[in-house]
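K.L.:
Take this structure first; my questions come after.
Values in this text are rule-based calculations from the coordinates and carry no lab data. Source: prediction; values computed, not measured. Because the Cβ atoms are built from the backbone with ideal geometry, glycine has one as well, and the counts that use them run over all protein chains shown.
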Amino acid sequence: MERLRLVENPVDRLARTVEALLVIASKPLSIDELATVTEETEERVETALGLIAGRLREGRSGIVLEHVAGGYALRAAREAAEACARLVERPVQRGLTQAALETLAVIAYLGPVSRPEIARIRGVAADSAVAGLVERALIAEAGRDQEGGAVRYETTPLFERVFGLSGPDDLPELEDLGGDADELRARLEDVAARRGA
Amino acid sequence: MERLRLVENPVDRLARTVEALLVIASKPLSIDELATVTEETEERVETALGLIAGRLREGRSGIVLEHVAGGYALRAAREAAEACARLVERPVQRGLTQAALETLAVIAYLGPVSRPEIARIRGVAADSAVAGLVERALIAEAGRDQEGGAVRYETTPLFERVFGLSGPDDLPELEDLGGDADELRARLEDVAARRGA
Amino acid sequence: MALAVRELPLDLDAFEGPFDLLLTLVLREELELRDVDIAEIVVAFLERLADRDELDLDACGEFLVLASALLELKARGLFPDEDLDLEGLDPEEAAEELAERLAAYRRFRAAAGWLEERLKAESDRYFRLGPAPLSPTAERPLAQQEPAQLVSVLRALAAEPPEPSLGHLVLSYPPLSRFLERFRTLLRSRGRFAFDNEVDRLPRVDQVVAFLALLELRKRNEAQIAQAGPFEPITVWNASAS
């Protein structure tokens, strides 16, 4: 056993390293990149890739080495396509998280609003909530703050559709919390400041 | 040989499907999820995972199956860590300060927990530590406190994955840590002895 | 590395050892607080702080809490009859509270140490973050939502916060950010203000935190500070306006 270890084909080890790199990569890796990262020659990387291609191929493994335009990447075997489709296709999301809902409400009633303002009112950083809502296209950028130059956000037509509103002014009344957006903003900021950390 | 192919163990095929699912998944998959998506029983999925674990293990493959964060996932073999470090940075783990680690510990054991509660335990405001951990996606918001209205936090599956924990039970018992009373008494006696001398 | 305040080595007339041991001895009444010169502890901390390039705000905050708790205990010990406006917390309770907190804190510090070790041991485990390169991604549609949800979260955000509990008053202190925000607002709206006017009605611990906030603004070049002499009023003005 010990003997075998000592005479291990060095390309085997390189092949394992390349496999490891491919499994953590979020984009295809070129031979050039692989050679740089492994500190090996491109020739030896190609040999290692040949070895991997023999192991990770359709019919033998569920993980398949694929040569695409940008280089090499791992993909799911075709025979597993149905199961993969079931994994990826996710059911309709029932509701938004508390963070997303609060951020959305602040933008809907006060908007356009900047992230620092949302953070001040919610008492926590708004970065990930805002990014998530932008990705879902429920809010969008709406110019910049006059003072600080921070990007401001407003709700989108998709937001109105999802919440069944006929337009931006169709939001439920909130008169008891302040007659207009400025009053509401002042009240929210005041409460947030007194709530502390 | 041809004969063998024809009577292929059906678990082999399931194992390949599971491998395929793991290579496209962006988070660990539980046995329950794997069974649903493959339309198989949990028992057979476990058998398949056993087969994969034998193939995808340290020393044999650059791709390694691991049981982590309540599920199964693929990762790079440890022997390839140097090459991996050259390919990607690890912003999640890099530069976690003492304050961040203490805050993370409080949230891991007591979560969901609010910033004021964390501050009470640590004796200092936890604002910047919490913000940093949210940014690293090691913790996430988990609703608000009933009484004070402060946002509460809990650790994320990424936390378990980064720290290599198979689940919440993988943390050591809090009572076993620190050895407060005894350690304090020992230190006191030690000091007393030295002072007396 | 952050400054470990609780491990701050002290070499005082009455005591030699780490800060947390001093606290323990005091709380066990094995060391008379009146023999301890708290100014010496402050000097030791400041010397340690001066060795560093940056102001370690976490360490300052932690030190403030512990030092002010000691001061509080000492003040009560020296003037047992003085009504310190902290009804409901006698010195013993304060000491017990502090001891309990130190014990809890030690456990979590040990847990943090465990996590740190774990991180080191697992630092050679690499995995992919985010989606796989060749995997199909599907949008996850959002179900129809009720507008009333927006109203209810806004109402919750606008609800009056509860009165702060007095239970932890002796050990609680306000976040630095509160004063940073307040002073920035003042500088924006007025351009200049007298520090003493802003803090003279505040509890002592708040005043200290407010002063730290002021130093931080000065360090970030957001404010200028002037004082005619020791104990004279401090004037603060907008750095960019001058």
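K.L.:
Once you have a ≥ b ≥ c as the square roots of the Cα gyration tensor eigenvalues for region A:117-163, tell me rounded if a/c is under 1.5, and otherwise prolate or oblate according to whether a/b is larger than b/c.
P.N.:
oblate
K.L.:
On to the next question. Would you compute, from DSSP H runs of 4+ residues alone, the mean residue ellipticity of chain A at 222 nm, taking -39500 (n - 2.57) per run and dividing by the full residue count, rounded to the nearest 500?
P.N.:
Details: 10 runs with 101 residues, N = 197.
Calculated mean residue ellipticity at 222 nm is -15000 deg cm²/dmol.
K.L.:
If you don't mind, there's one more thing I want to ask. Under the definition of partner shielding as Cβ atoms of other protein chains within 10 Å of a residue Cβ, what is the mean value for peptide B:21-33? Mind dumping the intermediate values first?
P.N.:
Working: counts 8, 6, 18, 15, 8, 8, 2, 1, 1, 0, 0, 0, 1.
Average per residue, whole number: 5.
K.L.:
Hey, can you rank C:13-20, B:96-103 by average C-beta count inside 10 Å, highest first?
P.N.:
Numbers: C:13-20: 17.2, B:96-103: 23.0.
Sorting C:13-20, B:96-103 by mean packing, highest first, produces B:96-103, C:13-20.
K.L.:
Where the label is 7 Å out from Cα toward Cβ, how close does A:Ser166 come to the same position in every other copy, in nm, shortest first?
P.N.:
6.0
K.L.:
Follow-up. Count, for each residue of C:37-43, the Cβ atoms from other chains sitting within 10 Å of its Cβ, then give me the mean as a whole number. Don't jump to the answer; show the numbers that get you there.
P.N.:
Values: counts 0, 0, 0, 0, 0, 0, 0.
Partner-chain Cβ atoms within 10 Å, mean over residues of C:37-43: 0.
K.L.:
Return the average number of partner chain Cβ atoms within 10 angstrom of each residue Cβ along peptide C:175-182.
P.N.:
Numbers: counts 10, 5, 5, 6, 0, 0, 3, 1.
Mean partner-chain Cβ count within 10 Å for C:175-182: 4.
K.L.:
Can you give the net charge of the other residues whose Cβ lies under 12 Å from the Cβ of A:Glu160, counting K and R as +1 and D and E as -1? Before the final figure, lay out each step's value.
P.N.:
On the way: positive: A:Arg161; negative: A:Glu154, A:Asp169, A:Asp170.
The answer is -2.
K.L.:
By its C-alpha gyration tensor, with a ≥ b ≥ c as the square roots of the eigenvalues, how is region B:4-87 shaped: rounded for a/c under 1.5, else prolate for a/b larger than b/c, else oblate? Write out the running numbers ahead of the final one.
P.N.:
Values: a/c = 2.48, a/b = 1.51, b/c = 1.65.
The shape class here is oblate.
K.L.:
Set Lys and Arg Cβ to +1 and Asp and Glu Cβ to -1, take the dipole of chain A about its Cα centre, and tell me which of A:Leu104, A:Leu171, A:Gly71 lies farthest positive.
P.N.:
A:Gly71
K.L.:
If you take every residue apart from C:Phe179 with its C-beta less than 12 Å away from the C-beta of C:Phe179, what net charge results, scoring Lys and Arg +1 and Asp and Glu -1?
P.N.:
Values: positive: C:Arg178, C:Arg182, C:Arg184; negative: C:Glu181, C:Glu198, C:Asp206, C:Glu216.
Result for the neighbourhood of C:Phe179: -1.
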